[in-house]
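Quick one: the structure is below, questions incoming.
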Amino acid sequence: MESPLDEVSGQKFKSMQNCMWNVVITLTTTGYGDIYPKTALGRIVGSLLMIWGTFLVSFFVVTVSNMLTFTS
């Protein structure tokens, strides 16, 4: 669906690597910025950091939720 926008966006949506990068960015709700990794190694490190950050936030939410749970 996005392949007609290849030239406008600068992304090559026919490349599996670029498509997987866009999936990771979308699923971790990171979004795009002015500076982002363009090499494969940079994207791997970025993906791992995004997944780790999502884990830390979810761990914090569960911990606070358990602390605020009322007992009978």
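³J(HN,Hα) across segment 36-51 via Karplus (A = 6.51, B = -1.76, C = 1.60, θ = phi - 60°), whole Hz, x for Gly/Pro?
Coupling constants for segment 36-51: 8, x, 10, 8, 5, 5, x, 6, 5, 4, x, 5, 5, 5, 5, 5 Hz.
Can you list residues whose amide H is under 5 Å from residue 30's amide H, if they're 5+ apart or on another chain and H is modeled 1.01 Å from N?
none
Once phi is turned into ³J(HN,Hα) by the Karplus curve 6.51 cos²θ - 1.76 cosθ + 1.60 with θ = phi - 60°, what whole-Hz value does each residue of segment 13-22 show in order, with x for glycine and proline?
For segment 13-22, the Karplus-derived couplings read 6, 7, 8, 5, 4, 5, 5, 5, 4, 5 Hz, x marking Gly and Pro.
If packing is taken as the average count of other Cβ atoms within 10 Å, what order do 61-70, 42-51 fall into, highest mean first?
Packing order, densest peptide first, comes out as 42-51, 61-70.
Got a sec to turn the phi values of segment 53-63 into Karplus ³J(HN,Hα) couplings, 6.51 cos²θ - 1.76 cosθ + 1.60 with θ = phi - 60°, whole Hz, x for Gly and Pro?
Each residue's phi maps through the Karplus curve to give x, 5, 4, 4, 5, 5, 4, 4, 5, 5, 4 Hz.
The numbers here are math on the coordinates, done by the rules we state, and not lab data. None of these values were measured; they are calculated from a predicted model. Note: ideal-geometry Cβ built from the backbone for every residue, glycine included; neighbour counts use all protein chains shown.
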